[in-house]
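K.L.:
Below you'll find the structure I mean.
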Amino acid sequence: MDITDKPTKVRQSEELNLEVVEAFIKENIPGLSGELTVEQFPSGYSNLTYLIRVGDRELVLRRPPFGRKAKTAHDMGREFRILKALNPVFPYCPKPLAYTEDESLMGCPFYVMERIQGIILRRNLPKGLEFTSDQMRSLCENLVDMHHRLHSVDYKAIGLEGFGKPEGYVKRQVEGWSSRYSSARTPDAPTFEKVMQWLHDKMPPDFPRPGVIHNDFKFDNVVLDPAHPLTIKGVLDWEMATIGDPLMDLGSSLGYWVQRDDPPDFQAIAVQPTYLPGAFTREEMVKRYSEKAGIRIDNFDFYLCFGLFRLAVIAQQIYYRFYHGQTKDERFKALIGSVTLLEKQANRTMEQSEL
């Protein structure tokens, strides 16, 4: 049984001009021949991702979404550059192949990269795939270890020293995401005022060893080897990557982490199979990371609360586009419920915190 991730038909209003795509890739990527076909990967809520087949070659095209875009989001050139610098030393990220800023082609910059084919885990495991409790535990260990491996890359040695501003990172993130939420808030969205104030009041100093951070590192952005499903062979979706605080990155990842003993309302918005028997708790994830990094982490409640808030802002920014009729994607309609539940979970985190 084939349990690898599959594309589907391109969504209405998100079609590509096939003549333009074919001309661009054949001019910029050597050795392509044969008929071109396009499908779309249906998951994901931000940049649009398409599978391009040319003969027996499979490529992936990434472009920004249609409609209103957050000011600093969807920078295709930036995403392409970090992949180009990172791939030689962290080969789990896709190899970038071609990029253009010529908006006359598609109305936006876009790029093409190699496809990493394999298994991608979402809320429910693919049919035909099962993990024992011990296997699920091992998979969680591998996820944490891969995250730490990324953070350990010598970003200065690969020319990414100017790719972010590590100094003042925590403060900029708290203030920046608070501002983004205010800009994207719709009348039916919660205020998040209590959460934003708590994050402002509890900010820790910047981590002394900044690194390459992914900013969306989770199960449905990693690719598992179909022959060895506990092995991570790829890491996808680098649009928010930068140089910054690894603990902020870990907090952002665990904002998605729904475990078996979480309240039923939070369980309802799980997007990963982290509730399965054997899966690490958030506390175990932090402990494993702490051991790998050789550091002590005493204030993780702050990073977790930030991760929940940041995820709510991302969901709200996407919902904003649906609310104002800038996209017809019906998946976005339910995101307002997720924003509300994330506020409740952030409030629980603050109430239980000893900070």
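The values are calculated or read from the model by the stated rules, or taken from the named source; none is laboratory data. From a predicted model like this one, the values you see are computed outputs, not experimental measurements. Here the Cβ positions follow ideal geometry from the backbone for every residue, glycine too, while neighbour counts run over all protein chains shown. Surface areas here come from the heavy atoms of the whole protein model, side chains and all, with no ligands, DNA or RNA. Shrake-Rupley method; radii C 1.70, N 1.55, O 1.52, S 1.80 Å.
K.L.:
May I ask for the net charge around ARG137, where only other residues with Cβ less than 11 Å from the Cβ of ARG137 are counted and Lys, Arg are +1 while Asp, Glu are -1?
P.N.:
Numbers: positive: ARG288; negative: ASP134, GLU141, GLU284.
With Lys, Arg at +1 and Asp, Glu at -1, the neighbours total -2.
K.L.:
With axes computed from alpha carbons, what is the tilt in degrees of helix 169-184 against the longest principal axis of the chain, rounded to the nearest 10 within 0 to 90?
P.N.:
For 169-184 against the chain, the angle is about 70 degrees.
K.L.:
Over 19 Å apart: what share of the alpha carbon pairs of region 62-191 falls there, rounded to a whole percent?
P.N.:
Working: 5820 of 8385 pairs.
The answer is 69 percent, as a whole percent.
K.L.:
Please list ILE116, ILE52 in order of solvent-accessible area, largest first, computed with a 1.4 Å probe with all protein chains present. Don't skip to the answer; put the middle values down first.
P.N.:
Values: ILE116 30, ILE52 0 Å².
Descending accessible area places them as ILE116, ILE52.
K.L.:
While we're on this one: State, to one decimal in nm², a quarter of the convex hull surface area for the C-alpha atoms of region 158-290, i.e. the direction-averaged projected area. Walk me through the numbers on the way to the answer.
P.N.:
Numbers: hull surface 42.5 nm².
One quarter of the hull surface, i.e. the mean projection, equals 10.6 nm².
K.L.:
If you roll a 1.4 Å probe over the heavy atoms of the protein chains, what accessible area per residue do you get for region 143-271, in Å²?
P.N.:
So region 143-271 comes to 41 Å² accessible per residue, rounded to a whole number.
K.L.:
Give the lysines whose C-alpha is closer than 17 Å to that of LYS6, dropping any in the same chain fewer than 8 places away, or say none.
P.N.:
Filter leaves LYS127, LYS233.
K.L.:
If amide H atoms are built 1.01 Å from N in the plane of the peptide, which residues on other chains or at least 5 residues away come under 5 Å of the amide H of THR231?
P.N.:
Result for THR231 returns ASP225.
K.L.:
Distance between Cα centroids, region 102-170 to region 235-305: provide it in whole Å.
P.N.:
Cα centres, region 102-170 to region 235-305: 14 Å.
K.L.:
Consider all pairwise Cα distances in the chain and report the whole-number % of them above 38 Å.
P.N.:
Details: 8645 of 62835 pairs.
I get 14 percent for the Cα pairs in the chain exceeding 38 Å.
K.L.:
Sticking with this one: As an exercise, take the mean of 1/r over every pair of distinct alpha carbons in region 83-153, invert it, and state the Kirkwood radius in angstroms.
P.N.:
Working: mean 1/r = 0.0650 Å⁻¹.
Taking the inverse mean of 1/r over all distinct Cα pairs, region 83-153 comes out at 15.4 Å.
K.L.:
In whole percent, and with a 1.4 Å probe on the protein chains, what portion of the accessible area of the chain is carbon and sulfur?
P.N.:
Details: 7900 of 16280 Å².
Its accessible area is 49 percent carbon and sulfur atoms.
K.L.:
Still on this structure, please answer the following. Enter the angle in degrees (range 0 to 90, nearest 10) between the Cα long axis of helix 300-323 and the first principal axis of the Cα atoms of the chain, meaning the one along which they spread out most.
P.N.:
With rounding to tens, the tilt is 50 degrees.
K.L.:
Then there's this: I'd like the orientation of helix 133-151 relative to the chain: the angle between its Cα long axis and the longest Cα principal axis, in ° from 0 to 90, rounded to 10.
P.N.:
80
K.L.:
Probe 1.4 Å, all protein chains in place: accessible area of LEU276 in Å², nearest 10?
P.N.:
Surface accessible to solvent at LEU276 totals approximately 40 Å².
K.L.:
Order ASP261, ASP75 by their accessible area, 1.4 angstrom probe, all chains in place, largest first.
P.N.:
Details: ASP261 115, ASP75 70 Å².
Largest accessible area first, the residues go ASP261, ASP75.
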